[in-house]
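The structure appears right after this line, and notes come after that.
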Amino acid sequence: MAEKKAIALQVNGTQYTAEVEPRLLLVHLLRDVLGLTGTHIGCDTSQCGVCTVLMDGRAVKSCSVLAVQADGAEITTVEGLAQNGHLHPVQEAFWEKHGLQCGFCTPGAMMVAIGILQENPHPSEEEIRQGLNGIICRCTGYENIVRAVQHAAERMPG
């Protein structure tokens, strides 16, 4: 058994410490250790993007990040988007523009959308589609997801 390593990270504004095996993936730390199950596991190969979270403000696939690599980082999961009882503009846009169907990819798609809008507050449709390239959605055909990101861009400050 590998020697465990102490890590400390901030998740959704709360400071956590944990003793983890060096091979533990961030997605498993979030789901299995911290109980934040909004981050989904889809493919285990970093292809589908449903496990996307924000790490220090950047969208990353949490199945491709070791928990020890997140030591000292600030992580935001889908559970951390709503503030003071109000949905994040991206969450509202996905709801209003029907950017979900079964909902399995939705948390990851929302986190990718936030990443897109942080890099470019006013992306074109093509830029949105390119940014969503790492999300596999088997239900929506992406049209409403793109519309949701466009709608969020109109509503978000910046």
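A short reminder: the numbers here are calculations on the coordinates, not readings from a lab. Computed from a prediction, not measured in an experiment: that's the story for all the values here. When we count neighbours, we look across all protein chains shown, and the Cβ atoms used for this are built from the backbone with ideal geometry, even at glycine.
From the Kirkwood radius over Cα pairs of region 26-137, Stokes-Einstein at 10 °C and 1.306 mPa s returns a whole-number translational diffusion coefficient of 112 µm²/s.
With contacts taken as Cα pairs under 8 Å and at least 6 residues apart, region 44-105 reaches a relative contact order of 28 percent. Adding -39500 (n - 2.57) for every DSSP H run of four residues or longer, then dividing by how many residues the chain holds, sets the calculated 222 nm ellipticity at -8000 deg cm²/dmol. Residue by residue, region 129-146 carries 3J(HN,Hα) couplings of 4, 5, x, 7, 3, x, 10, 9, 10, 9, 10, 8, x, 6, 4, 6, 5, 4 Hz when phi is fed to the Karplus relation 6.51 cos²θ - 1.76 cosθ + 1.60 (θ = phi - 60°); x denotes Gly or Pro. The protection proxy used here, the mean number of other Cβ atoms lying within 10 Å of each residue, ranks peptides 29-41, 106-118, 3-15, 84-96 as follows, highest first: 106-118, 29-41, 84-96, 3-15.
With K and R counted +1 and D and E -1, the other residues having a Cβ less than 14 Å from that of G141 yield a net charge of +3.
Relative contact order for the chain: 24 percent, from Cα pairs under 8 Å spaced at least 6 residues apart, divided by residue count. Per the Debye calculation on region 89-155 with a single equal scatterer at every Cα and no solvent contribution, log₁₀ I(q)/I(0) for q = 0.11, 0.19, 0.21 Å⁻¹ amounts to -0.19, -0.58, -0.72.
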